[in-house]
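Enquirer: To start, I am sharing the structure in question, which I have written as structure tokens.
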Amino acid sequence: MSDPRRNGPGTAGFVLGLVGLALGFIPVVGLVAWPLVLAGLTLGVFGLVRVSRGQADNKGLAIAGVALSAIGLVVCVAWVAVFGRASSDAENALDDLQAQADRGAVLLYEVTGDASGATVSYSTFGGGDPATTAEEEVAALPWTKEFTVMGTLHGGTLDVTTDAKGGTVTCEVTVDGVARKTATASGPNAVARCSDF
């Protein structure tokens, strides 16, 4: 014959609450904690009801089951909030990255100075666009060239070499209206380099 004062639901609530709380702290495994802490909370409350009716006498164990299950539930809810926030932040970051990739950047290459002649070598690259490389002999300064490059990674180089007569040349690279690189060189066959911008 079984003891009518035993409280199986209270004991089960305690065990489920304890296991659910322990598993709730482990990020991915914590998914298993949800049903455990909910079942532990339900059984713990049912065990307390049995104690209040005089059908069981282990009130402390039933209270501990309710408390552990409630704490485990709070931990599970906290993980949902943390993962929800991280997911939202990651989605926003990806949206920003996509917007940058879809937006073009305007590169403006400028060469000024008093050199009677110069050789201008330049290149550009960006996103999925093929790289552009060219060289021009310039008889008179100033010289400018404008490009629109797509993607999050873009750049290029601009090198200016004075002719054998010398003079001074200055190269400047502007990206979306902001000066990024400037260099000046003087003398015969002098080289001004604007790269790494």
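Enquirer: Could you tell me whether Thr119 is out of contact with any Cys (no Cβ under 7 Å at 6 or more places or on another chain), at pLDDT 90 or above and part of a strand (DSSP E or B)?
Expert: yes
Enquirer: Any idea which residue in segment 59-83 is farthest from Gly151 (Cα to Cα), counting only those that are among the β-branched types (Val, Ile, Thr) and touching a helix residue (DSSP H, G or I) at 6+ places or on another chain (Cβ under 8 Å)? Even if it seems obvious, please write down each step before you answer.
Expert: Within segment 59-83, the subset among the β-branched types (Val, Ile, Thr) is 63, 66, 71, 74-75, 77, 80, 82.
This time we only want the ones that are touching a helix residue (DSSP H, G or I) at 6+ places or on another chain (Cβ under 8 Å), so: 63, 66, 71, 75.
Values: Ile63: 60, Val66: 55, Ile71: 48, Val75: 42 Å.
Checking each candidate, the answer is Ile63.
Enquirer: Same structure again: Being under 26 Å from Gln98 (Cβ atoms) and out of contact with any helix residue (DSSP H, G or I) (no Cβ under 8 Å at 6 or more places or on another chain), is that true of even one residue in segment 138-147?
Expert: Looking for residues that are under 26 Å from Gln98 (Cβ atoms) and out of contact with any helix residue (DSSP H, G or I) (no Cβ under 8 Å at 6 or more places or on another chain), one finds at least one in segment 138-147, hence yes.
Enquirer: Those residues that are more than 12 Å from Gly17 (Cβ to Cβ) and in a helix (DSSP H, G or I), I need them from segment 45-73; list them, please.
Expert: Within segment 45-73, Phe46, Leu48, Val49, Arg50, Val51, Ser52, Lys59, Gly60 qualify.
Enquirer: Of the numbered conditions (1) surrounded by 12 or more Cβ atoms within 10 Å (Cβ to Cβ); (2) modelled with pLDDT of 90 or more; (3) in contact with a Ser or Thr (Cβ under 9 Å, 6 or more places away or on another chain), Glu137 fails exactly one; give the number of that condition.
Expert: It is condition (1) that Glu137 fails.
Enquirer: Moving on to the next point. Can you tell me how many residues within segment 22-37 are of a type in the set (A, V, I, L, M, F, W, C), in contact with a helix residue (DSSP H, G or I) (Cβ under 7 Å, 6 or more places away or on another chain) and surrounded by fewer than 18 Cβ atoms within 10 Å (Cβ to Cβ)?
Expert: Qualifying residue count, segment 22-37: 3.
Enquirer: Let me ask you something else. So if I check each of Thr157, Thr152, Thr112, Thr124, which one is of a type in the set (Val, Ile, Thr), surrounded by fewer than 16 Cβ atoms within 10 Å (Cβ to Cβ) and not in a helix (DSSP H, G or I)?
Expert: Answer to the selection: Thr152.
Enquirer: I've got another one for you. Does any residue of segment 84-97 turn out to be out of contact with any helix residue (DSSP H, G or I) (no Cβ under 9 Å at 6 or more places or on another chain) and surrounded by 11 or more Cβ atoms within 10 Å (Cβ to Cβ)?
Expert: Just the residues of segment 84-97 that are out of contact with any helix residue (DSSP H, G or I) (no Cβ under 9 Å at 6 or more places or on another chain), to begin with: 84-97.
Right, trim to surrounded by 11 or more Cβ atoms within 10 Å (Cβ to Cβ) and you get 96-97.
There is at least one residue in segment 84-97 that is out of contact with any helix residue (DSSP H, G or I) (no Cβ under 9 Å at 6 or more places or on another chain) and surrounded by 11 or more Cβ atoms within 10 Å (Cβ to Cβ).
The values are calculated or read from the model by the stated rules, or taken from the named source; none is laboratory data. Values in this document were obtained by computation on a predicted structure and should not be read as measured data. Counting neighbours? That spans all protein chains shown, and the Cβs are built from the backbone with ideal geometry, glycine included.
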